[in-house]
Structures are given as structure tokens and as C-alpha cells.
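**Student:** I'd like to ask you about the structure that follows.
The values are calculated or read from the model by the stated rules, or taken from the named source; none is laboratory data. What you see is a predicted model; the values in this text were computed from it and never measured. Note that each Cβ is placed from the backbone with ideal geometry, even for glycine, and that neighbours are counted across all protein chains shown.
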Amino acid sequence: MIGVSIREVGRHGSKSGIGIYVMSKVSRSNAARVMLAVFTLSALASSATAADLGARPAAPYQPPPPPPPVFSWTGCYLGANVGGGWASKSSNDVAGAVTGVVGADLGSHTANGVIGGGQIGCDYQAGAWVLGVQGMFDGSGMEGSNNDPSGLFAINSQVRWLASATGRVGYVAAPAVLVYAKGGGAWVRDDYTLSDFTGASIATASTNPSGWTVGGGVEWVVAGNWTAFAEYDYFDFGTPSVSFASNVGATAFPVNIKQNINSFLVGINYRFGSTY
């Protein structure tokens, strides 16, 4: 009985071992099939995705944005200005009618004060260069005086107005910035009073000498058609002979008065027409 049981167990045990071994091989085979199926499906999905992506239409062409408009300095303008002026004056008793000495020095002084007025002009731009013409007129509050070396006489001067007609040459340093030089003719209105040591007026004169001017400045765009500028100008009126009318019954007499003026202005211009 015992032998049979052992043999039976042996037989059964062998069969169980064989069964386990067979099941193990079957499981590994099934796992390999599953992994192969997963890899196949993944490859198919990737191919389908790539095909879908490749089938999408190309994005439409988007041209780059246009460049911003560039300011044009071509055109005419009208504007206003304000600033300060310094008129240097030197007087000479060319006929000796004041001091009794021909050619006697009557001294010098600087008349200074506020000036302000307006300007009108036109410009033409060619590339980076701007050519133009301008007329400017400024009222003046420049005033000054001095005593002659003897202390017996004094000359008082008042500059009433200042005018110029000039050409301008400019260079566009930036699209909205113009650096320029100017030059041309100039005119000025001067009133003089000659007084004695008591302060009493003994003679007066009014004159409008002409001369020349040079200057320069910078103008820039503020907004739209409006521009602003800052400018320095030098005026030279030489040494004209000024005729004084006596207040004490004497005849008129000449005094040579040398004059030059320095001015600094700021202002605005409105430019007509399209500036872009």
C-alpha cells in the first residue's frame, strides 16, 4: 500500500511539475504576445498621429508690420518765439559836437532785455538735407546806458525791434530732429537819448540800421504738425553814423555807434499740410 501510494504520489508529483512548467511557458508566451501587440499598437498610433500632423494645412503667411511713418520737413510754417537779447554799443563823438574833441570816446554799454515775436518760412527736404528760407520779427525790451569818460554826458539806448530774412540749411540728425544753420540780412530799430550830467535830455535820435546775421539751432517734432526749436543768433550792424537832433536849439550832429547783438530764442512752429 505504501509503495503504491508513493508511486502514485510520484506520478502525481511529476504530472504537477510538468503542469507548472507547461503553464509557465504558456504565460511567458502570452506575455510576449501582449507586449508585441502593445508595441504594434503604439507604432500604429504614432504613425497615425504623424500622418494627421502632416495633413494639417500650412499657416498663412503673415507679412512683417510696415515701418512707422517718417516725418517730412518739406512745407511752410508759422510760429512764435521768446527769449533774451544783449546789444553791445560803443559810441564815438566823430565831429566833436558833444565833447568838443573830434573822435572822442563816449563810452560803451550793453542794452539787454526780453525779446519775442514770430517767424514764417518754408523748407524743402532732399534726403537728410533740408533747405529753407525764413523771415523773423521780434519786439524788444533791450535797454541800457553809460556815461562818457568825462562824466559830463550819458547815452541811453533802447532797441525797439529786430528783424531778419535768412536762408536755412539743416541736417536731419534723427527722423524728428533737425539741426540747422542760418544766415542773411538783418534790421534793427534804435532810439537814443543824450543827457548832460544833471540828467536833462539835450539830444535824441532814432535810426534803423541794417546789417547781417548768422545763427543756428535745433528743431524737433513735438506732436502732429507742431515743432519746437531753440536757437542762437548773432547780429552785426557795423558802425553807422547816427544823427542826433538837439533839444536846445543847436543843429543836428552825428555820433558813430558800433552795435552787435547776441540773442537766444525758444519757440514753436505749426507746419502746414501733411508732414508724414
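**Student:** On the given criteria, is residue 185 in a strand (DSSP E or B) and either outside the structural domain of residue 136 (by TED's automatic domain parsing) or closer than 28 Å to residue 156 by Cα (or both)?
**Tutor:** yes
**Student:** Considering only residues of segment 97-152 that are of a type in the set (S, T, N, Q) and within 35 Å of the chain's Cα centre (by Cα), which is nearest to residue 195 (Cα to Cα)?
**Tutor:** Taking the candidates together, the pick is 110.
**Student:** I need a count of the residues in segment 261-276 that are surrounded by 17 or more Cβ atoms within 10 Å (Cβ to Cβ) and within 25 Å of residue 208 (Cβ to Cβ).
**Tutor:** 4
**Student:** Take the conditions part of a strand (DSSP E or B) and either closer than 17 Å to residue 76 by Cβ or under 21 Å from the mean Cα position of the chain (by Cα) (or both) and apply them to residue 158. Does it pass?
**Tutor:** Working: part of a strand (DSSP E or B): yes; either closer than 17 Å to residue 76 by Cβ or under 21 Å from the mean Cα position of the chain (by Cα) (or both): no.
Spelling it out, it is not the case that residue 158 is part of a strand (DSSP E or B) and either closer than 17 Å to residue 76 by Cβ or under 21 Å from the mean Cα position of the chain (by Cα) (or both).
**Student:** A further question follows. Would you say residue 191 is surrounded by fewer than 19 Cβ atoms within 10 Å (Cβ to Cβ), within 28 Å of residue 80 (Cβ to Cβ) and either acidic (Asp, Glu) or in contact with a Pro (Cβ under 8 Å, 6 or more places away or on another chain) (or both)?
**Tutor:** Taking the combined requirement at face value, the residue satisfies it.
**Student:** Just give me the residues in segment 218-244 being under 17 Å from residue 271 (Cα atoms), part of a strand (DSSP E or B) and in contact with a Phe, Trp or Tyr (Cβ under 9 Å, 6 or more places away or on another chain), in sequence order.
**Tutor:** Selection gives 218, 219, 220, 221, 226, 227, 228, 229, 230.
**Student:** Which of the residues belonging to segment 107-159 are touching a Leu at 6+ places or on another chain (Cβ under 9 Å) and hydrophobic (A, V, I, L, M, F, W, C)?
**Tutor:** 115, 120, 130, 136, 137, 142, 153, 154, 155
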